[in-house]
Amino acid sequence: MPDGTLPFENPDRELDLRDEYSATVNVFLHFTVLGLITLVTGRPFLFPSLGPSAYLMATGEKARAEGAYHVIGGHTVAVVAGLIAYALLGNEVSAYVIFARPDPAFSVDLVSLVGSATVAMMLTTTTMLVTNTNHAAACATTLIVALG
């Protein structure tokens with residue numbers, strides 16, 4: 001910012017938590033549907049490049065956030081959120097290992113990774129909106145981390 005303030009310090013910015021939580025619920029619904037399809041079919045319907053698309057769909061048509069603050073801040077948020085979700089739910093497995101199995105459908109490990117991916121996306125979405133570090137590409141980062 002020209003006056004030396006960070007984007008989240010902008011006094012003119014209106015923080016409406018309903019928007020942030022609405023976007024988080026929207027991401028939850030996207031990933032719940034994809035997660036259920038993944039669980040039933042045993043096929044990888046949750047993959048990192050879906051993250052940015054889900055984020056953009058959930059947050060609507062917002063102005064593109066550019067600059068180092070958004071890129072670095074967004075990816076930092078994404079890595080931390082992905083690590084938290086994976087530590088809580090990831091069950092120390094990875095998508096590579098699970099989908100290499102003959103029939104991973106309905107496995108406990110697959111449930112763990114679906115949960116990890118969903119929580120990571122929810123944390124990333126909420127935190128990026130609240131801190132104004134909006135960077136949709138960071139949602140691919142959070143899924144890479146959350147999927148092991």
Residues of the stretch 48-71 being of a type in the set (A, V, I, L, M), at pLDDT 80 or above and farther than 22 Å from Ser116 by Cβ, in sequence order, are Ala68, Val71
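Only one residue in Val119, Val145 is free of Cβ contacts under 8 Å to residues at least 60 places away in the same chain and open to solvent by 30 Å² or more (accessible area, probe 1.4 Å). Which one? Talk me through it step by step, then tell me what you get.
Values: Val145 fails: free of Cβ contacts under 8 Å to residues at least 60 places away in the same chain.
One residue alone meets the criteria, Val119.
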The lone condition Thr126 fails out of (1) modelled with pLDDT of 95 or more; (2) in contact with an Asp or Glu (Cβ under 6 Å, 6 or more places away or on another chain); (3) among the hydroxyl-bearing types (Ser, Thr, Tyr) is (1)
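Residue-wise test of (1) open to solvent by 40 Å² or more (accessible area, probe 1.4 Å); (2) without any contact (Cβ under 8 Å) to a residue 24 or more places away in the chain.
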| position | (1), (2) |
| --- | --- |
| Val33 | yes, yes |
| Arg43 | yes, no |
| Pro52 | no, no |
| Ala58 | no, no |
| Leu123 | yes, no |
| Thr127 | yes, no |
Going through the stretch 110-148 in order, the residues found to be over 16 Å from Phe99 (Cα atoms) and outside any helix (DSSP H, G or I) are Asn132, Thr133, Asn134, His135, Ala136, Ala137
Here the qualifying pairs (Cβ atoms under 9 Å; residues six or more apart or on different chains; first in the stretch 65-94 and on the phi > 0 side of the Ramachandran plot; second among the charged types (D, E, K, R)) come out as Asn91/Asp109
Filter the stretch 87-106 for residues that are among the small types (Gly, Ala, Ser) and touching a Gly at 6+ places or on another chain (Cβ under 8 Å); the one that is surrounded by the fewest Cβ atoms within 10 Å (Cβ to Cβ) is Ala105
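The values are calculated or read from the model by the stated rules, or taken from the named source; none is laboratory data. Model, not experiment: these values are computed from the prediction. Backbone-built Cβ (ideal geometry, glycine too); neighbour counts: all protein chains shown. Heads up: the accessible areas ignore ligands, DNA and RNA and are worked out on the full protein's heavy atoms, side chains in. Shrake-Rupley method; radii C 1.70, N 1.55, O 1.52, S 1.80 Å.
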